[in-house]
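Novice: Take a look at this one; I'll ask things after.
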Amino acid sequence: MPGLSDVYFVSSNNHKFQEVYSILDELDITVKHYAATLPEIQSASLYDIATHKAAHAYTLLKSPVIVEDAGLFIDSLKGFPGPYSSFVYDTIGNQGILNLVKVERGATFRSIVAYSDGSVSKCFSGELRGAISTRIVGTKWGYDPIFMPDGSHDTLAHIDKVSLSHRRLSLESFAAWFVSK
Ligand code: ITT
């Protein structure tokens, strides 16, 4: 069993780190935050982006690392903003997304967690299916105020999302593998 406190999470996003910490803590893995903006390759694949980020993070820390690449994929926009979610949030924001989404409102949040320790590189994925709300509800981070998971009439901003999120699912797969390696 690995030492359960020796993995870093490298991210510029403190909201993400808080979610990652609380999920992994529940799964008996203590994760340390290394705050950095990692270079992101241009790719339509979250896997490729996350794998590249993890390899780069390992060269910085020379210690086992995980990173995450996540995105919101909207059906009627053919998967936009997807891998561009961070840029799109910073530019047009939630109101800009609401202006683009009309009748068909289905969407998926995806999370890819990538691990690297210099010799092993591995990815773990999670998805949360739902719909884009018709208005901004709540004030949590990113797209939480406009995403309603299936089966809910409220947005992620008003829900205990760490119990059901795309990030919870990718981290559960990572944790199952990490503690058994
Ligand atoms: P790092 O790459 O430094 O980890 P980031 O915020 O740039 O931080 P991403 O590249 O993965 O992270 O960008 C994904 C964007 O998608 C993120 O900035 C949010 O706007 C949005 N997003 C992803 N997961 C989300 C969630 O659980 N809740 C709300 N918004 C989310």
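The values are calculated or read from the model by the stated rules, or taken from the named source; none is laboratory data. All values derive from a computational prediction rather than experimental measurement. All Cβ positions, glycine included, derive from the backbone under ideal geometry; neighbour counts span all protein chains shown.
Novice: Return the residue satisfying two criteria in turn: it lies in the range 111-128 and is in contact with a Phe, Trp or Tyr (Cβ under 8 Å, 6 or more places away or on another chain) and either among the β-branched types (Val, Ile, Thr) or farther than 27 Å from Asp6 by Cβ (or both), and of such residues it is surrounded by the fewest Cβ atoms within 10 Å (Cβ to Cβ).
Specialist: Glu127
Novice: A further question follows. Among the residues that make up the range 112-125, is at least one of them touching a residue at least 40 places away in the same chain (Cβ under 8 Å), closer than 25 Å to Val67 by Cβ and touching a Gly at 6+ places or on another chain (Cβ under 6 Å)?
Specialist: Within the range 112-125 (the criterion being touching a residue at least 40 places away in the same chain (Cβ under 8 Å), closer than 25 Å to Val67 by Cβ and touching a Gly at 6+ places or on another chain (Cβ under 6 Å)), the answer is no, since none of the residues qualifies.
Novice: Determine which single condition Lys78 fails, assuming it passes every other condition in (1) at negative phi; (2) exposed (fewer than 15 other Cβ atoms within 10 Å of the Cβ); (3) free of Cβ contacts under 8 Å to residues at least 40 places away in the same chain.
Specialist: (1)
Novice: So, of the residues in the range 160-181 that are closer than 21 Å to Ile97 by Cβ and in contact with a Lys or Arg (Cβ under 9 Å, 6 or more places away or on another chain), which turns out to be surrounded by the fewest Cβ atoms within 10 Å (Cβ to Cβ)?
Specialist: Lys161
Novice: Could you tell me which residue of the range 129-146 is surrounded by the most Cβ atoms within 10 Å (Cβ to Cβ), considering only residues that are under 19 Å from Thr91 (Cα atoms) and of a type in the set (Lys, Arg)?
Specialist: Applying the filter and picking the extreme gives Lys140.
Novice: If you check Leu24, Leu46, Leu61, which single one turns out to be under 16 Å from Arg110 (Cβ atoms) and modelled with pLDDT of 95 or more?
Specialist: Exactly one residue qualifies, and that residue is Leu46.
Novice: Now for a different question. Kindly indicate which of Ile29, Ile23 is in contact with a strand residue (DSSP E or B) (Cβ under 8 Å, 6 or more places away or on another chain), under 16 Å from Trp177 (Cα atoms) and β-branched (Val, Ile, Thr). Show your work before the answer.
Specialist: Values: Ile23 fails: in contact with a strand residue (DSSP E or B) (Cβ under 8 Å, 6 or more places away or on another chain).
Sole residue among the options that is in contact with a strand residue (DSSP E or B) (Cβ under 8 Å, 6 or more places away or on another chain), under 16 Å from Trp177 (Cα atoms) and β-branched (Val, Ile, Thr): Ile29.
Novice: When residues of the range 126-151 are filtered for being in contact (Cβ under 8 Å) with a residue 60 or more places away in the chain and not in a loop (DSSP other than H, G, I, E, B), how many remain?
Specialist: Of the residues in that region, 1 qualify.
Novice: OK, next. For a quick check of your reading of the model, give me the residue pairs whose first member lies in the range 87-103 and is modelled with pLDDT under 95, whose second is surrounded by 14 or more Cβ atoms within 10 Å (Cβ to Cβ) and not acidic (Asp, Glu), with beta-carbon atoms closer than 9 Å and at least 6 apart or on different chains.
Specialist: Taking only residues 6 or more apart or on different chains, the pairs are Lys102/Ser76; Val103/Ser76.
Novice: Determine whether the range 46-63 contains at least one residue that is of a type in the set (Asp, Glu), closer than 19 Å to Cys123 by Cα and either in contact with a Cys (Cβ under 8 Å, 6 or more places away or on another chain) or surrounded by 14 or more Cβ atoms within 10 Å (Cβ to Cβ) (or both). Break it down stepwise before answering.
Specialist: Just the residues of the range 46-63 that are of a type in the set (Asp, Glu), to begin with: 48.
Now drop any that are not closer than 19 Å to Cys123 by Cα, which leaves 48.
Now restrict to residues that are either in contact with a Cys (Cβ under 8 Å, 6 or more places away or on another chain) or surrounded by 14 or more Cβ atoms within 10 Å (Cβ to Cβ) (or both): 48.
Yes, some residue in the range 46-63 is of a type in the set (Asp, Glu), closer than 19 Å to Cys123 by Cα and either in contact with a Cys (Cβ under 8 Å, 6 or more places away or on another chain) or surrounded by 14 or more Cβ atoms within 10 Å (Cβ to Cβ) (or both).
Novice: Restricting attention to the range 87-95, does a residue exist that is under 30 Å from Lys62 (Cα atoms) and under 14 Å from the mean Cα position of the chain (by Cα)? I'd like the intermediate steps shown before the answer.
Specialist: Here is the first cut: in the range 87-95, the ones under 30 Å from Lys62 (Cα atoms) are 87.
This time we only want the ones that are under 14 Å from the mean Cα position of the chain (by Cα), so: none.
No; the residues of the range 87-95 include none that is under 30 Å from Lys62 (Cα atoms) and under 14 Å from the mean Cα position of the chain (by Cα).
Novice: Quick check on the range 125-137. Is at least one of its residues in contact with a helix residue (DSSP H, G or I) (Cβ under 9 Å, 6 or more places away or on another chain), away from the ligand (no atom under 14 Å from the Cβ) and either among the hydroxyl-bearing types (Ser, Thr, Tyr) or over 15 Å from Ser76 (Cβ atoms) (or both)?
Specialist: yes
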